[in-house]
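The structure appears right after this line, and notes come after that.
Just so it is clear, none of the values below were taken in a lab; they were calculated from the coordinates. Everything quoted here is computed from the prediction, not taken from an experiment. Don't worry about glycine lacking a Cβ; one is built from the backbone with ideal geometry, like all the others, and counts go over all protein chains shown.
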Amino acid sequence: VRLIDDAGHYMDISSKAMTIEAGEIKAMPVVEFVPTGTLVGVEISSAEELIAFANAYNAGDYADVSPLNVNLTQDIVFDDATNAAWTPIGVKAAAEGENDNYFNGYFNGAGFSIKNWNSVRPLFAYTSGDGIIENLTIDASCTLTANFADEEQYYGAFVGYHRGVLINCHVNANLTASGNWTKDPHVGALVGRVVVGTVENCTVSGDVNITKTLVTNGKTSYYGGAVARISNTDGVIKKVNVSVNVSHSAGSTYSSSNVSDAVVYYGGIVGLLAGTCTDCHLSDATKKFFY
């Protein structure tokens, strides 16, 4: 049982196992209320509020909040100004010895959609093992472009680098990958790289196109209709349906002259799988690859 006061402080209590008869009433024992945490519920109803939350989270304003519950209350509709202001939720430490600030809360889309979102960055850059994202759709009105010119290398419309849970989320928008990447690109419609996380009960119905204008100085690239790479045996993708065209345009994606050493992992569902893929389906899709 969780007891919560008016300020959102909570205390979890439990009892020993007991057997009771139908119709029997047991009184809760008297307890001293000693809060063990603060329950914070964030309600978001606009793109401006989503941006404000992202900035506050990345600045560490929620570092001591556990559990953190974020709930959408309606569709989130972006415009030119909010598209320009967008920054993904969750950040990696800038220097060795500093703490990462991966998203570790519960983000409930409540069945709503992200609309008119034109972005070269994911919704979540980094999620921790406690991060949960569910019940959210990226609408067909969105324009997704993975185009990194800096040190970032992970792109998925929902999550770039994923250690948490992504469940019942859907991408209906087209995704194009281009630009001059300084590290090995991981490009997937849902998630860039899954480490020990889970992607479950999700769908992709927007085309994924890796263009010939995508250039990388690295030797390894990962592309997937749903997830670019699952790099750990504990990474899981299940009950995911991909119904799109997944294509790689003709032309080298490598600026290095030593193209023969380049390795490309490419798949309709997952580019490179070190974990498990269960009950996933690639349907009505045209798989094209030209190198």
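In the chain, the longest principal axis of the Cα atoms and the axis of helix 47-58 are about 80 degrees apart.
Where in the chain lies the longest segment free of GluC sites (Glu not before Pro) that are both loop residues by DSSP (not H, G, I, E, B) and have at most 10 other Cβ atoms within 10 Å? Longest run free of exposed loop sites: 152-291. Mean residue ellipticity, 222 nm, helices only, the chain: the sum of -39500 (n - 2.57) across DSSP H runs of n ≥ 4, divided by residue count and rounded to 500, is -1500 deg cm²/dmol. Checking (1) 62, 44, 42; (2) 74, 41, 39; (3) 66, 49, 40 against Cα extents along the principal axes in Å calculated from these atoms, the matching label is (2). The listed peptides 274-282, 167-175, ordered by packing as a protection proxy, come out as 167-175, 274-282 (highest mean of other Cβ atoms within 10 Å first). Taking every lysine pair in the chain that is 8 or more places apart or spans two chains, those with Cα atoms closer than 17 Å amount to 6.
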